[in-house]
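Structure first, then comments.
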Amino acid sequence: MEHTKHIWRVGILVIVAITGFVFFRVLLIPPSYGIRGSYRYDNVAEQMAIEPRHGEVRGCNECHDERVDELRAGPHENVACENCHAPLSTHVKDDEKEWDMSVNKTGEWCVRCHLFLPARPKSHPQIDPVEHLVKVGVKQVGRDWSDVVCFKCHEPHDPTPEDEDTVASGIDGNAK
Amino acid sequence: MSKLKNITEITEEARQEAEREGRRDFLFRLAGLTIGGVFVNILGSGLLRGEAEGADDVTPTPASGRQGQVTNLPPKGYNWEDHLYAYLIDTTKCIGCGMCVRACKNENDVPDGFYRTWIEEYLIATNDHGDFDVQVFSPNGGLFGFQASQSPLAVSKGFFVPKMCNHCDNTPCTQVCPVGASYQTKDGVVLVDKEQCIGCGYCIQACPYGSRFLDPVSHTASKCTWCYHRITRGLRPACVAACPTGTRVFGDLKRTDDPVLVALSKTRVQVLQPNLLTKPRCYYVGLDLEVR
């Protein structure tokens, strides 16, 4: 029996190892890990709980339905309000207006969609801004169109010009 | 030295006997350890099951005490078994305005210089030999739109291709994650758990579409989530909501009247790099030979 001592030693070591393994496993693995697969299931709820910032048109419609209707009637019907304005979360807090809504009214912003590019589908209305301004008689120096007042002729919610003749009669783009 | 001497003195037969004895012992010990390991595993997972209350509840709800910064819980009763999301990109409609890239950045706080979705501009000219000269541009991922190109090519055709995470069914990226931080939800979205991610970057290398990046702020892998916080509330992803031309369409394949499902059944669609068998759930219309 004097040779069984080492077996007991190994036995104790094994028990210590198992206890340690279980202890650290419980300690290190997050509670919801492995419920649905090898990931932390709680993270799904965490991802879902992030607050959306863009309200889409239904958010805008709550207060500005007449503007939305106006937009829907014209060729910009599919342009999201938040493209030229800002995300809803910068304007509304807890369903109440909290901050003023910003809007981008520069010609640069119009040109972002309507600049002539060879990669754009031909059916999409595009202009060479310099050529276009010359054609409608707007004085503009150089190729910097950040200050061009496209709004003189085009109302962004319904951008088709009301009267082609008044457009062609000439407007000074630099006069404000 | 004496030990060595003894060993050399043992006869061949005796040494074989000793070896056999040792092997038997070793095998017994191995069996013991294996059984022990299995026991520990069962015990461990059993403990976990006991801890996680509501494991059978299909709606994901945060375990108590671990909510942290969670302020507004998603609508209760969302069942991810009822949805299978898919995405359609009609490149023939894309005007390259970059509103999607901008909306994505605003919605998800995407850091400067990194993109969860981006737009590529392809300019192609046929050369003398009937081959194609191709130039691809993506200035700032299309975040500020595109300017008139300075390409020297006599462009014969051009088009824009929006790109993003393809949310593959057979994902290479989640398979390589060593800590279980990247996973696939039951409704078909590939997500990254920021808390678990160690930022090793294996998934970034594994993605054949270049859709992942290492977030310079959190130092964890980041990617498109199809705006999981929006789609589970019934909203569209920010990029789809921002698209003025209908290039980007978001759908749920478990709905019979779904626009993506209709497009899949009625039109000819492609996926990026189908040879890799990743089974993307992001479908394209009007891709060209040069697009990978």
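Worth a mention:
- The one condition from (1) within 20 Å of the chain's Cα centre (by Cα); (2) assigned by TED's automatic domain parsing to the domain that holds B:GLY188 that B:MET99 does not meet is (1).
- Taking the criterion of being of a type in the set (S, T, N, Q) and at positive phi, no residue of region B:231-248 qualifies.
- Test: residue in region B:168-178 that is more than 10 Å from chain A (Cβ to nearest Cβ), in a strand (DSSP E or B) and open to solvent by less than 60 Å² (accessible area, probe 1.4 Å): no
- Of the candidates B:GLY234, B:GLY201, B:GLY188, the single residue that is open to solvent by less than 10 Å² (accessible area, probe 1.4 Å) and more than 9 Å from chain A (Cβ to nearest Cβ) is B:GLY188.
- Counting only helices (runs of 4 or more DSSP H) that sit wholly inside region B:203-273, those with at least 1 residues that are farther than 28 Å from A:ARG120 by Cα, at pLDDT 95 or above and in the same structural domain as B:ASP193 (by TED's automatic domain parsing) are B:228-231.
- Residue count for region B:91-135 under the criterion of being open to solvent by 50 Å² or more (accessible area, probe 1.4 Å), farther than 19 Å from B:ILE204 by Cβ and touching a residue at least 60 places away in the same chain (Cβ under 8 Å): the result is 6.
- With respect to (1) exposed (fewer than 14 other Cβ atoms within 10 Å of the Cβ); (2) more than 21 Å from B:ARG230 (Cα to Cα), the lone exception for A:HIS64 is condition (1).
- Taking region A:82-103 as the range and being part of a loop (DSSP other than H, G, I, E, B) and either more than 19 Å from B:CYS239 (Cα to Cα) or in contact (Cβ under 8 Å) with a residue 40 or more places away in the chain (or both) as the test, the residues that pass are A:HIS91, A:ASP94, A:ASP95, A:GLU98, A:TRP99, A:ASP100, A:MET101, A:SER102.
- Selection within region A:1-58 - among the basic types (Lys, Arg) and in contact with an Asp or Glu (Cβ under 7 Å, 6 or more places away or on another chain): A:ARG40, A:ARG53
- Scanning region B:140-150 for residues that are touching a strand residue (DSSP E or B) at 6+ places or on another chain (Cβ under 9 Å) and open to solvent by 60 Å² or more (accessible area, probe 1.4 Å), we see that the one that is nearest to the other protein chains (Cβ to nearest Cβ) is B:GLN147.
- Checked against the criterion of being outside any helix (DSSP H, G or I) and among the charged types (D, E, K, R), the candidates A:ARG36, A:ARG72, A:ARG25, A:ARG67 yield just one match: A:ARG36.
- Residue match in region B:153-162 (condition: in a loop (DSSP other than H, G, I, E, B), touching an Asp or Glu at 6+ places or on another chain (Cβ under 9 Å) and either facing chain A (nearest Cβ under 8 Å) or surrounded by 17 or more Cβ atoms within 10 Å (Cβ to Cβ) (or both)): yes
- Lone unmet requirement of (1) open to solvent by less than 40 Å² (accessible area, probe 1.4 Å); (2) over 20 Å from B:GLY142 (Cα atoms) for A:ALA86: (2)
- Criterion violated by B:THR256 - all others in (1) crowded, with 16+ Cβ neighbours inside 10 Å; (2) of a type in the set (Ser, Thr, Tyr); (3) out of contact with any Leu (no Cβ under 9 Å at 6 or more places or on another chain) satisfied: (1)
- Single unsatisfied condition, B:GLU195 versus (1) farther than 24 Å from B:SER138 by Cβ; (2) outside any strand (DSSP E or B); (3) open to solvent by less than 50 Å² (accessible area, probe 1.4 Å): (3)
- Residue check for A:PHE151: among the hydrophobic types (A, V, I, L, M, F, W, C) and either open to solvent by less than 100 Å² (accessible area, probe 1.4 Å) or at pLDDT below 90 (or both): yes
- Within region A:49-72, being within 13 Å of another protein chain (Cβ to nearest Cβ) and under 16 Å from A:VAL92 (Cα atoms) holds for A:GLU51, A:PRO52, A:ARG53, A:HIS54, A:GLY55, A:GLU56, A:VAL57, A:ARG58, A:GLY59, A:CYS60.
- Scanning region A:4-48 for residues that are of a type in the set (S, T, N, Q), more than 7 Å from chain B (Cβ to nearest Cβ) and open to solvent by less than 50 Å² (accessible area, probe 1.4 Å) turns up just one, A:THR4.
The values are calculated or read from the model by the stated rules, or taken from the named source; none is laboratory data. In this text the structure is predicted, and so the values were computed from the model without any measurement. No Cβ is skipped: glycine too gets one built from the backbone with ideal geometry, and neighbour counts run over all protein chains shown. Accessible surface areas use protein heavy atoms only, side chains included; no ligands, DNA or RNA. Shrake-Rupley method; radii C 1.70, N 1.55, O 1.52, S 1.80 Å.
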